[in-house]
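What follows is a single structure, written as structure tokens, with notes after it.
Read-outs throughout are calculated quantities, based only on the coordinates presented, and are distinct from any laboratory measurement. Keep in mind that this is a model prediction, so the values were computed, not measured. Cβ sites come from the backbone with ideal geometry, for glycine too, and all protein chains shown count toward neighbours.
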Amino acid sequence: MPCAPDVDGTCGKAANVASVRVQLEMHSLWEQFNHLGNEMIVTKSGRRMFPTFQVHISGMDPESEYVLLLDFVPVDDKRYRYAFHSSSWLVAGRGDASPPGRVHFHPDSPARGSQWMKQTVSFDRLKLTNNLLDDNGHIILNSMHCYQPRLHVVLVDPRRDSHIYAQRNFCTFSFPETRFIAVTAYQNHRITRLKIASNPFAKGFRTADPDDCSYLGRLSGSCRPQLLQQASGSREEPGCSSDHVKEAAQSLQHCSKEPLPPSHHVPLQPAHSGLALPRTDAATAYSTGSRDRDRERERQEDGSYPASYFLPLHSAWESLGRFDRGHLG
């Protein structure tokens, strides 16, 4: 995108600015979000944008220094609300008073044109907030209002009277596909799904195929060590089918860690001798007769659970919350 013309239709900018060209990175992803009606989360402490505003710049004077700024301007003076029955944004009334205007300086500013042009410029440290009293330098926005990001390229003029040429020493770029509505929680479920699918930092919200993980859980204990060796390129060990290893190794890519056997999927319960996880069949036997109940009571009193009742300490510890860990020391 070239430099935007002035009000009179001409680009009366300095030569070192008029030749600057800016290209938006991840353009296709921005278009997908814009088609659905993009939303950006604003919080009191500040939240980063996704997609991140990234651009590739060309046409700068390699020896001149430039400052890059990013600000956000309201698209209109209206407040919006999301209509779930029609999956669309509707005008809810007149917009709120605009919060204090702020600009975000790229942390590498000022820098020579050669530095800006050699790599993608990312504003990944920028955060959005709805806290009017924010003192961290975050961009303050009103929730349920539509905003347009703008990039400003400012030439560093070494002349003493540079203020006279201030209007000629900068150029502004905006991309309509980057506009969004500020929200405190995502309204459109399709926006949520697209952000989870495309944001590399949201992989914790993605769910793996349960069939793949359950297959690994059904593997015998003697075969799992060989599976891990096969996945890492080691030779095949006897007693573990090669076809099963290959199939399970592919399934291993969808599981973050080895699943527990289905019989262990019950809440942790305290025991005298450690962090114990009673099996489901033991819990069932406890209620089938007095003989089994007495046996279970004796185990609880002296802590004589068999080894199969216990998980590795690190696995049990990770499954506890902060409150439970504090009580366990």
Inset, instruction - Enumerate the amide H contacts of Phe53 below 5 Å, restricted to partners 5 or more residues apart or on another chain; note that Pro and chain-start residues carry no placed amide H. - result: Phe123
Legend entry - Förster radius 30 Å - calculated FRET efficiency between Ser122 and Arg81 (Cβ-Cβ, nearest 0.05): 0.40
Inset, instruction - Sticking with the crude label model, points 7 Å out along Cα→Cβ, report the distance from Val103 to Glu25 in nm, one decimal please. - result: 2.2
Inset, instruction - Using only the alpha carbons of the stretch 132-208, determine the length spanned along each of the three principal axes and report them from longest to shortest in whole angstroms. - result: 61, 28, 24
Inset, instruction - Before anything else, pin down the relative contact order of the stretch 107-194: Cα pairs under 8 Å, at least 6 apart, normalised by residue count, whole percent. - result: 26
Legend entry - Per-peptide average of other Cβ atoms within 10 Å, ordering 83-96, 135-148, 20-33 highest first: 135-148, 20-33, 83-96
Legend entry - Summed residue charge, Cβ within 10 Å of Thr52's Cβ, Lys/Arg positive, Asp/Glu negative: 0
